[in-house]
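Okay, structure first, notes after.
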Amino acid sequence: MTKIVSEFELYGKSYRFETGELAKQATGAVLVTCGETSVLVTAVVSKQQRDYDFFPLTVDFIEKMYAVGRIPGGYLKREAKPSDKGTLTARMIDRPIRPGFPDGFKNEVHIVATTLVSDGQNPPDAICVGGASAALLVGGAPFDGPAACVRIGRNVETGEFIVNPTVEEEEASDLELTIAGTKDCISMVEAGADQISEEDMLAAMAFAQEAIAAFCDKQAEFIARANPVPLEYTIHEADPAVAERVGRFADEMASALANPDKSQRIASVDELKARITADEFTEEERASWGSDIAAALKKLEKQAMRQMIIQKGERVDGRTPEEIRPLHIVPGYLPRVHGSGLFQRGQTQALSVCTLGMLNEWQRLDTIWPEEGKRYMHQYNFPPYCTGETGRMGAPKRREIGHGALAERAILPVLPTEDEFPYAIRVVSEILESNGSSSMASTCGSTLALMDAGVPIASPVSGVAMGLIKEGDDVVILTDIQGIEDFLGDMDFKVCGTADGITALQMDNKAHGLSVDILARALAQAKEARVSILEAMLATIDAPRDELKDTAPRIETIHIPVDKIREVIGSGGKVVRGIQEETGASIDIQEDGTIHIAAVEGTAGKAAKDMIFAIVKEPEVGEVYDGEVVGIKDFGAFIRLTPSKDGLLHISKVAKGRVGRVEDVLDLGDVVKVEVTEVDPKTGKISLDRLDKPEAPEGSAPAPARSNKEDGPRPGQGNRKPRRQHRS
């Protein structure tokens, strides 16, 4: 294949598609570039079908540190597992690509996006979706594209929408909307916002849809130039007898589904499926049609659930489409921890726990992204027992990372600044029971935990997951979806925000033809639910606690001159370590002279602060000190005023009367009360006077000076020759 390059400009930025030179053994490979950021996206479609009852698509996003001119940290100096941002990017590529393959396509598909260059201004994630779509289409895969993804920002001052904003442009934006789809419909939405209205969010989505269409047109022109040869493949079709035999049990499936208790409902459905499989199919048919039977039973369950909603307006647990499950809310659920909150909605239960720490305990990031670290960390755990299952527990999976990132994004806009609240903040949400919407439960639980900890958030945040059942022209939007409505429905649309506006969105769509109008209805219905949930939360805790918990560290911020930082730290950190060991406080020193002092005991923090101020203090005339004698000379004693400043107490000032030797009055280690009498402006030398002078001891006075006339010449002086005078 010859090299094909397509360059174009859209919305003020330059883009480039290239194929035919790199990774030619892949089914399709496209180098996609925005500015100077370049990502190689490859797609491989296996030649064999797999006996799966799902579409086997795998997406990997590879962060190469050479892309930003850095060597990886750690011992191995090699890229290892992807960062959370890399994992989220892989998920972002998967979600709009997966719906584009036909039902029954069971060949494995593997998409790999490798970041080759990152210019630090144009993020590589959004362009990967267009690259994946182009790689599949160039390779002739049965993909219903083109598909594209854009990120939309909004200039706070002008109100203008920006397509694929640079890092600099994002800093001046109150919106980060990532949206993907085809020319005609939206398939994926991710958003973070500073409490913007539903109307503004919808306007951004409509603008994004137009931008996606423009990118799809450019991609189509590129594909036409490549003139790909379609792959030969077969769509697996089950024997019609499978669907016919399974379909006779529609009424029994509807009866099995009609149970508000998740565990009992699953048990009834599983029992029915097992009975159908055993009674309706022979052993040979089960061996031959295994995955087809499983797929047909799943389809039967899906149709029964959807018909209940479309035809009767009733959900499997008996709720109406707009109804929220029963709530159970307990702030301050755990003792001793810095903050906690239990949030339960139906059979979904989240326990969120907040921990406060020093700012130097923030999370440092070693990635290709501009972000160096984060002060607020939200982590989401989904153990097997929360769904009544067994399983291996280990590193967080992609789903856990994604749900944690959503709740983190929802809370960020309402957090106080570092100057207002100089703490690193970590919230962990433990999902103890799950039947859908657990990420939204963790968002609500996190708000409770932060308020219980006394974090002065600007506004409380709540969240709700919306669903969709779409059969032809019949559309029903569901509030507070449970697990089965997520798995068998057409949309999972999570909306988070305060009473004033939206802070985060996430949407996955499986239905073709999802329009902005449907999203508008979903947002309006979600707002009513969010407000209702928020009112229930505020009924248990109406504002952040006025005081931190006794177990939480109190952090006080002080400022010292930059030229004094070295004195506070000491050689090899000796001084600051000594302060921490003596007081029990933790000390974080910034390059600008800002010092954060943290201590659970208030006295420890005060002691550490006093010791630091004592180090940087410049003595002034008239100030009085209780100083230690640290040096003795013939002419006086040196008195330690501060850890870094000594003053001279002249021998004439150590006692009342004349003193022959300083040692007759003072010893090393003595503590004396002195007053600063002079500070030399040029040298900084300090002169002192003793305030508690004792009487000079007897015998300490110096011998009287001898007169030369009375004593005569000194020995040898009389034999000296007179000096010779020089004539002028």
The lone exception for K374 - which of (1) within 30 Å of V68 (Cα to Cα); (2) in contact with a Leu (Cβ under 8 Å, 6 or more places away or on another chain); (3) in contact (Cβ under 8 Å) with a residue 40 or more places away in the chain it fails:
(3)
Is it the case that the stretch 143-166 has a residue that's polar (S, T, N, Q), in contact with a Leu (Cβ under 6 Å, 6 or more places away or on another chain) and in contact (Cβ under 8 Å) with a residue 24 or more places away in the chain?
no
Among the candidates E556, E485, E567, which residue alone is touching a Lys or Arg at 6+ places or on another chain (Cβ under 8 Å) and over 30 Å from I329 (Cα atoms)?
E556
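Residue by residue, here is whether (1) acidic (D, E); (2) part of a loop (DSSP other than H, G, I, E, B) holds:
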| site | (1), (2) |
| --- | --- |
| F17 | no, no |
| A29 | no, no |
| A43 | no, no |
| D60 | yes, no |
| G74 | no, yes |
| E79 | yes, yes |
| P82 | no, yes |
| L88 | no, no |
| R91 | no, no |
What number of residues in the stretch 619-651 are touching a residue at least 60 places away in the same chain (Cβ under 8 Å) and under 30 Å from N360 (Cα atoms)?
2
Tally of residues being touching an Asp or Glu at 6+ places or on another chain (Cβ under 9 Å) and farther than 13 Å from S687 by Cβ across the stretch 633-653:
4
Any residue that is without any contact (Cβ under 8 Å) to a residue 12 or more places away in the chain and surrounded by fewer than 18 Cβ atoms within 10 Å (Cβ to Cβ) - is there at least one of those in the stretch 220-231?
yes
E663 vs (1) part of a strand (DSSP E or B); (2) touching a strand residue (DSSP E or B) at 6+ places or on another chain (Cβ under 7 Å): all pass except (1)
Subset of the stretch 560-586 [within 13 Å of V616 (Cβ to Cβ) and not in a helix (DSSP H, G or I)]
I560, P561, G570
Only one of V32, V44 is surrounded by 19 or more Cβ atoms within 10 Å (Cβ to Cβ), under 17 Å from N164 (Cβ atoms) and modelled with pLDDT of 95 or more, namely V32
Which residue, of V156, V129, is β-branched (V, I, T) and closer than 20 Å to S38 by Cβ?
V129
Considering each of V138, V150, V167, V156 in turn, give the residue that is buried (at least 18 other Cβ atoms within 10 Å of the Cβ) and either touching a His at 6+ places or on another chain (Cβ under 7 Å) or within 25 Å of L412 (Cβ to Cβ) (or both).
V150
Scanning the stretch 681-692 residue by residue, those at pLDDT 90 or above and either within 15 Å of G660 (Cα to Cα) or part of a loop (DSSP other than H, G, I, E, B) (or both) turn out to be K685, L691
(1) touching a strand residue (DSSP E or B) at 6+ places or on another chain (Cβ under 9 Å); (2) closer than 19 Å to R265 by Cα: which one isn't true of P331, the others all being true?
(2)
Scanning the stretch 506-531 residue by residue, those farther than 23 Å from P99 by Cα, surrounded by 17 or more Cβ atoms within 10 Å (Cβ to Cβ) and not hydrophobic (A, V, I, L, M, F, W, C) turn out to be Q525, K527, R530
Run F215 past the list (1) surrounded by 13 or more Cβ atoms within 10 Å (Cβ to Cβ); (2) part of a helix (DSSP H, G or I); (3) over 38 Å from the mean Cα position of the chain (by Cα) and report the number of the one that doesn't hold.
(3)
All-but-one check, G489 against (1) more than 26 Å from the chain's Cα centre (by Cα); (2) closer than 16 Å to M440 by Cα, failing number (2)
Counting only residues that are over 26 Å from E168 (Cβ atoms) and not hydrophobic (A, V, I, L, M, F, W, C), how many does the stretch 1-48 have?
15
Report, by residue number, each residue of the stretch 680-697 that is crowded, with 17+ Cβ neighbours inside 10 Å and more than 14 Å from F638 (Cα to Cα).
A696
Within the stretch 280-309, work out how many residues are aliphatic (A, V, I, L, M), touching a residue at least 60 places away in the same chain (Cβ under 8 Å) and more than 15 Å from A258 (Cβ to Cβ).
2
Among Y52, Y66, the single one that is of a type in the set (F, W, Y) and assigned to a helix (DSSP H, G or I) is Y66
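The values are calculated or read from the model by the stated rules, or taken from the named source; none is laboratory data. Computed from a predicted model, the values in this text were never measured in an experiment. For neighbour counting, all protein chains shown are included, and Cβ atoms are generated from backbone atoms with ideal geometry for every residue, glycine included.
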